[in-house]
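Working notes, structure below.
Only the coordinates and a few stated rules stand behind these numbers; no lab work does. Computed from a predicted model, the values in this text were never measured in an experiment. Backbone-built Cβ (ideal geometry, glycine too); neighbour counts: all protein chains shown.
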Ligand code: FES
Ligand SMILES: [Fe+2]
């Protein structure tokens, strides 16, 4: 059972995939205001551990402080604005020091050292801490928000509160990671993920494991969209052999053992829950026609510790499927850049794309009745 697409729903006009004006508007209204997936909390376990999160002109230092809390700070010095930190990840000893004039900040952002600034009348270090950004941890993932007054995370993500608890997602660790650069607009990638209409022609192997009509949606509007697909062979998974490559995760039972759950988290995160592992995609906009996709395969550490652990069937399966998808996304980008392109009709099997487009246009402030 799939949701009905509003009759007459069509693909977006070309400017949404090409225009610099639209791109800048997205930077403000969407990537500057919505919660964005940054990475796994397990990437920063010890005090001082950090990684950088880049988003357009913005760059955050996401770190774990001495009290074990995750904090996000804009990666710029309060003196003359210099980028503080270049290495994409690492560990700060106990402070962050600017390479220019050696202003020094504590891991909670406080300015602790500013050489010679005592000579400046009225200067107070307490006036110049690092600038924080909102961050939240959900199911082992770190989400950040560049907005000044962000919608509280728990409200934005209310639809999935407790929804995935049986998978025990916070326990999972990254077994493998692949970065792709796709010559396509980020929305073409989100839209591609949102339907399996293309599965029979593009993904014959996937379509054998989960025939394209075995799909349904349980979140059909809003920031989070998607639902399960049922395995043709109960007890299997999405791997080259169709067999699982680890024991079932957490406390999953029943339908969850025979289904793959696919969700789009607007605007930059895809979550795919399998019986034996979890796949995540983070999308980074690089330009109107270019997107970096970071794909991670998450497994339970107990499964990873076993001598016979072999995730290669899952990695190969999704790397193959990803590449098939990126290729058509790139072809779509080429087509929608043409002056001859005009919006085409969505199929009923593409109802989730129509929902995605509504969420997108609403976020952009352009939804017309
Ligand atoms: S710009 Fe950072 S200390 Fe001067
Ligand atoms: Fe696909």
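Where only DSSP H runs of four or more residues are counted, the chain gives -6000 deg cm²/dmol as its mean residue ellipticity at 222 nm, each run worth -39500 (n - 2.57). Helix 351-364 axis versus longest C-alpha principal axis of the chain: approximately 30°, rounded to the nearest ten. Quick check: the angle from helix 312-336's long axis to the longest principal axis of the chain, C-alpha only, nearest 10 degrees? Between the helix axis and the principal axis of the chain, the angle is about 90 degrees. Over the chain, the hull volume per residue, using the convex hull of the C-alpha atoms, is 149 Å³.
For the stretch 51-170, relative contact order (Cα pairs under 8 Å, six or more residues apart, normalised by length) works out to 18 percent. Give the angle, between 0 and 90 degrees and rounded to the nearest 10, that separates the Cα long axis of helix 20-29 from the longest principal axis of the Cα atoms of the chain. Roughly 70 degrees, rounded to the nearest 10.
Note on the stretch 111-181: Kirkwood hydrodynamic radius from all Cα pairs is 16.5 Å, rounded to one decimal.
The ranking of 180, 50, 157, 263 by Cβ neighbour count inside 10 Å, starting from the fewest, reads 180, 157, 263, 50. Here the Debye sum runs over all C-alpha atoms of the stretch 232-369 as equal scatterers in vacuum, and log10 of I(q)/I(0) at q = 0.12, 0.13, 0.22 Å⁻¹ comes out as -0.64, -0.73, -1.47.
The label-point distance for residue 327 and residue 308, in a model that sets each label 7 Å from Cα toward Cβ, rounds to 3.5 nm.
As a rough footprinting exposure proxy, the listed residues 245, 77 were ranked by other beta carbons within 10 Å of their own, and the order from fewest upward is 77, 245. Over the stretch 36-156, the alpha carbon radius of gyration divided by the compact-protein estimate 2.2 N^0.38 Å works out to 1.08. Considering only alpha-carbon pairs that sit under 8 angstrom and 6 or more positions apart, the relative contact order computed for the stretch 128-183 is 30 percent. Given R0 = 30 Å, the distance between the Cβ atoms of residue 366 and residue 54 translates into a calculated FRET efficiency of 0.70.
With a simple spin-label model that places each label point 7 Å from the Cα along the Cα-to-Cβ direction, the separation between residue 334 and residue 165 comes to 4.9 nm. As a ratio to 2.2 N^0.38 Å, the alpha-carbon radius of gyration for the stretch 170-259 is 1.22.
Counted by neighbouring Cβ atoms within 10 Å, the residues 265, 143, 123 run from fewest to most as 123, 143, 265.
Normalising the average separation of contacting C-alpha pairs (under 8 angstrom, six or more residues apart) by the number of residues puts the relative contact order of the chain at 22 percent. Here each label is just a point 7 Å from Cα along the line to Cβ, and for residue 216 and residue 46 those points are 4.8 nm apart.
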